[in-house]
Amino acid sequence: MKSFKLSAVAALLASFTFAASAMTPVSDEALSQVSGQDGVSIVADLHVNIGSFTYSDSGNTFAMNDIGIKGVIAATIDVISGADFQGVPTAANPSGTGLFGALTGTGLTNAQAGAVLSAAAPLLGFNGQDVIQIGIPAVSGTNGIDITVASMTTGHGAAGFTNSMGGIALTKLDLAGTKVWMFGHD
């Protein structure tokens, strides 16, 4: 019986070896004929609760208590080319896209945005490589994100004295149109 079990295990291991040897690499030419969906989408229904955020400096403290974040957020993740990330204006798109469009959207002129791109690229380690782009699109029917802080206090931790400053609420925080870009350094 023991040799039967060992034989069964050996046969199973041999079948894995045979299956692995049956795999063949796909050439670049054959792979170029394969099509699929580009990018990934993520949707999240946020219900985040943080008990307390405390900042301390030389025995003085500031605390935000019972922090809540609620709302629906959607994001897309795509790999874009370095050129699309830079988004320098073309005849077809004179306002530019990508980072260039984001810079000119803050009020910079095309010349100023170009100067910022040229100065920032080497500092950031960008040399034209592909970039991961995370975008937050507008989602109709949602009201944005609500952030609440139930109470805020200040005080001297050692003395036990606290001073209450009430709470705050940020409602309908709209992140639609936000883009985040990530790239590796060489």
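The values are calculated or read from the model by the stated rules, or taken from the named source; none is laboratory data. This structure is a prediction, so every number in the text was calculated from the model and none was measured. Ideal geometry is used to build each Cβ from the backbone, glycine not excepted, and the neighbour counts take in all protein chains shown. Side chains are part of the model used for accessible areas, which takes the heavy atoms of the whole protein and leaves out ligands, DNA and RNA. Shrake-Rupley method; radii C 1.70, N 1.55, O 1.52, S 1.80 Å.
Is it true that T171 is touching an Asp or Glu at 6+ places or on another chain (Cβ under 6 Å), assigned to a strand (DSSP E or B) and open to solvent by 80 Å² or more (accessible area, probe 1.4 Å)?
Yes: the conditions hold for T171.
Please identify the pairs in which a residue from the range 116-145 that is under 16 Å from G82 (Cα atoms) and assigned to a helix (DSSP H, G or I) has its Cβ atom under 7 Å from the Cβ atom of a residue that is at pLDDT 85 or above and of a type outside the set (A, V, I, L, M, F, W, C), counting only partners at least 6 apart or on another chain.
L117/Q86
Filtering the range 99-131 down to residues that are under 30 Å from D45 (Cβ atoms) and surrounded by 15 or more Cβ atoms within 10 Å (Cβ to Cβ), which residue is modelled with the highest pLDDT?
That would be V131.
What number goes with the only condition from (1) surrounded by fewer than 13 Cβ atoms within 10 Å (Cβ to Cβ); (2) in a loop (DSSP other than H, G, I, E, B) that Y55 does not pass?
Among (1) surrounded by fewer than 13 Cβ atoms within 10 Å (Cβ to Cβ); (2) in a loop (DSSP other than H, G, I, E, B), Y55 violates only (2).
Just give me the residues in the range 66-98 being under 27 Å from D45 (Cβ atoms) and polar (S, T, N, Q), in sequence order.
T76
Would the range 30-51 turn up any residue that is at pLDDT 70 or above and assigned to a helix (DSSP H, G or I)?
yes
Can you confirm whether the range 146-155 contains a residue that is within 20 Å of the chain's Cα centre (by Cα) and within 28 Å of G71 (Cα to Cα)?
Yes, the range 146-155 contains at least one residue that is within 20 Å of the chain's Cα centre (by Cα) and within 28 Å of G71 (Cα to Cα).
Please state which one of F62, F85, F100 is in contact with a Ser or Thr (Cβ under 8 Å, 6 or more places away or on another chain) and not β-branched (V, I, T).
That would be F62, the only listed residue that is in contact with a Ser or Thr (Cβ under 8 Å, 6 or more places away or on another chain) and not β-branched (V, I, T).
All but one of (1) open to solvent by 70 Å² or more (accessible area, probe 1.4 Å); (2) touching a residue at least 40 places away in the same chain (Cβ under 8 Å); (3) part of a strand (DSSP E or B); (4) more than 17 Å from A102 (Cα to Cα) hold for K179, so report the exception by its number.
The single condition K179 does not satisfy is (4).
Where the second residue is polar (S, T, N, Q) and open to solvent by less than 40 Å² (accessible area, probe 1.4 Å) and the first is under 15 Å from T154 (Cα atoms) and free of Cβ contacts under 8 Å to residues at least 12 places away in the same chain and lies in the range 54-74, which pairs have Cβ atoms under 9 Å and are six or more apart or on separate chains?
T54/N65
Going through the range 132-145 one residue at a time, which ones are more than 17 Å from the chain's Cα centre (by Cα) and open to solvent by 30 Å² or more (accessible area, probe 1.4 Å)?
Correct list: V139, S140, G141, T142, N143.
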